[in-house]
Amino acid sequence: MEATQPPEILGLLSDPLRWQVVVELGRSDRRVGELVQLVGKPQNLVSYHLAELRQAGILRARRSSADGRDVYYCADLFRCRDLLNEAGRSLHPGLSLASTQPAVAARRRARPRVLFLCTGNSARSQIAEAVIGHRSAGTVEARSAGSHPKPLHPNAVRVMAERGIDISGRPTKSLTRFTRTRFDRVITLCDKVREICPEFPGSPIAAHWSIADPAAAGDSDEMTYPAFEHVADEIDDRVALLLADLQGRPLETTHHD
């Protein structure tokens, strides 16, 4: 790259509206209408910037499983990190996001409490609960539940076992079990559950991860297993970001492409 040509990421994120959109989508997956309300700009303008950011690979989009007419947008924060890192190095070889000062250990009186929700509590939310428990080594208290619990999916057990985590003995639970429990974060991983998610005591921070049900990707366990692997990888990446936020430290993770 020539010194007179600034990296594309700087131009893309220099616009205040685009920056706000990426920040909002880094916190939670959103639909266009929700972004319009959050940023206070016309829908056609928001849609234009969404298209530009998608073309640059900074955003991803997926059609909602709750309403096929809606689309959920998600920020690819790992790509943003990599592009910003490249921009720093292009300015000077000594500049890199990896060279930031070490994190100061977070001072908390109690472990953060996180609740993951999906429909059946048979795969996505169970995977998220297991991953955050494993990654945090118990420093985060995690629970999972479903709006309509059903037995744990064998592919969820298999995909986690291949990552060295045994969830075979975990029960599935109804979200009604936790409606009086206080959490710091409540995260929905299913578009349908997001539409009916109840309010929880203490007004916890809510976020949505729009992740398709891997069990719906085929007619047999063998056919759907690749979808379970993809979902486990995506959840692992998202949990790494969540932990960095909860624990107030730089992200340390291997991104799954």
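The values are calculated or read from the model by the stated rules, or taken from the named source; none is laboratory data. As the structure is a prediction and not an experimental result, all values here were calculated from the model. We place every Cβ from the backbone using ideal geometry, glycine too, and count neighbours over all the protein chains shown. The protein model used for the area step is the full one, side chains on, heavy atoms only, and it has no ligands, DNA or RNA in it. Shrake-Rupley method; radii C 1.70, N 1.55, O 1.52, S 1.80 Å.
Averaging the Cα positions of each part gives two centres, and for region 211-245 and region 1-76 these lie 23 Å apart.
Taking the protein heavy atoms of the chain in the context of the full set of protein chains, the accessible area attributed to carbon and sulfur is 50 percent at 1.4 Å.
For region 25-165, the relative contact order comes to 16 percent (Cα pairs under 8 Å, sequence separation of at least 6). For the chain, the list of Cys residues with no other Cys C-beta under 4.7 Å reads C74, C80, C197. Phi angles of region 182-197 translate, via the Karplus equation with coefficients 6.51, -1.76, 1.60 and θ = phi - 60°, into HN-Hα couplings of 8, 10, 7, 9, 10, 10, 8, 10, 10, 4, 5, 5, 4, 5, 10, 4 Hz per residue; Gly and Pro are given as x.
Springs between Cα atoms under 10 Å define the GNM used for the chain, and in it the highest mean-square fluctuation of L246, L91, L115 occurs at L91. Normalised by the number of residues in the chain, the average gap of Cα pairs under 8 Å and 6 or more apart makes the relative contact order 17 percent.
Distances longer than 33 Å among the Cα atoms of the chain: what percent of all pairs is that? Present the calculation step by step, with values, prior to reporting the outcome.
Values: 7643 of 32896 pairs.
It works out to 23 percent of all Cα pairs.
Enumerate the calculated ³J(HN,Hα) couplings along region 37-54 in order (Karplus 6.51 cos²θ - 1.76 cosθ + 1.60, θ = phi - 60°), each rounded to whole Hz, writing x wherever the residue is Gly or Pro. Karplus values, whole Hz, x for Gly and Pro: 5, 5, 9, x, 10, x, 4, 5, 6, 4, 5, 4, 5, 4, 5, 5, 6, 5.
The residues of the chain have, on average, 54 Å² of accessible surface per residue, using a 1.4 Å probe with all protein chains present.
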